[in-house]
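Everything on this sheet refers to the single structure shown next.
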Amino acid sequence: MKEENKFLFSEEYKRKRERMVREQIIARGVENERVIKAMLEIPRHLFVTEERRNEAYEDYPIPIGYGQTISQPYMVAVMTEYLEPSEDDFVLEIGTGSGYQTAILAHLVKRVFTVERNCELLERAKEILNRLGFDNIKYNCDDGTKGWMDYAPYDKIIVTAAAPEIPHPLIQQLKPEGIIVIPVGSRWMQDLIVARKKVNGDMKIEKKFECAFVPLIGEYGFEE
Ligand code: SAH
């Protein structure tokens, strides 16, 4: 068996994945069956560098280079659950990073439009996602605080980097009754926000819990 296929189908990683889902995700209250199934199926270890592969299913974020991290498994699961993913959704994701969250989303919704400012990270993610056979993802190397006009409006938007406020282009590019999940606060500490766009265009904001993401850098984010 080719080395890369061994990684894909190895029983050892499958067992680690089942344990991760049981102890970190279900135990902490994630209930969405489709989200749980996606977390069981996507091989998270392929989205970390080889030397961190054994840690891929541990309960913390892991460095992926360029000062960035792959989010903790629970954070990916709970943010995805808050997004209420449906099979018909068009989802905009800002901060592709490793591409793991992208894979979870692409497994659950119709199409994913993912924007990453670091083109090398984006290329790496794209290569893995292509290898896994995803054909419903579009990639853009750009400042995601401006959203991605070409395919707007979106049903859902997820931002996996910390913003000083919800970037207003993202609100504009969200459909009425759409949902944005985004960490909002300072560079070091944020609240995880779930915001729903009302039919009149106002946002209904719900704060979930405190979190610490790497900063969203860009025109409507933090300065470099
Ligand atoms: N969901 C990813 C999280 C990666 S960390 C994962 O679990 O792997 C956040 C990512 O956001 C980093 O890769 C960083 O480069 C990216 N980022 C920061 N500011 C951005 C911006 N303005 N537009 C797009 N991506 C941005």
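The values are calculated or read from the model by the stated rules, or taken from the named source; none is laboratory data. Source: prediction; values computed, not measured. Methodologically, a virtual Cβ is constructed for each residue, glycine included, from the backbone with ideal geometry; neighbour enumeration extends over all protein chains shown. Heads up: the accessible areas ignore ligands, DNA and RNA and are worked out on the full protein's heavy atoms, side chains in. Shrake-Rupley method; radii C 1.70, N 1.55, O 1.52, S 1.80 Å.
Count the DSSP beta bridges whose two residues both fall in region 11-211, then state the antiparallel fraction as a percent rounded to the nearest 5. In region 11-211, DSSP labels about 45 percent of beta bridges as antiparallel. Lysine pair count for region 11-211 with Cα-Cα distance under 18 Å and sequence separation of 8 or more or different chains is 25.
One chain, two ends: F222 and F209. Fully extended at 0.36 nm per residue, the span grows by 2.6 nm beyond their Cα-Cα distance. Rolling a 1.4 Å probe over the protein heavy atoms gives the chain an accessible area of 48 Å² per residue.
The order of the peptides 90-101, 106-117 by mean Cβ neighbours within 10 Å, most packed first, is 90-101, 106-117. Only protein atoms count toward the accessible area here, which uses a 1.4 Å probe; on the chain, the carbon and sulfur part of that area reaches 48 percent. Taking the full set of protein chains and a 1.4 angstrom probe, give the accessible area of C141 in square angstrom, rounded to the nearest 10. Spelled out: C141, probe radius 1.4 Å, area about 50 Å². In order along region 83-100, the phi-based Karplus estimate (6.51 cos²θ - 1.76 cosθ + 1.60, θ = phi - 60°) of 3J(HN,Hα) comes to 6, 6, x, 10, 4, 9, 6, 9, 10, 9, 10, 10, x, 4, x, 6, x, 5 Hz; Gly and Pro are listed as x. The GNM of the chain, with springs linking C-alpha atoms under 10 angstrom apart, assigns the highest mean-square fluctuation among G29, G67, G201 to G67.
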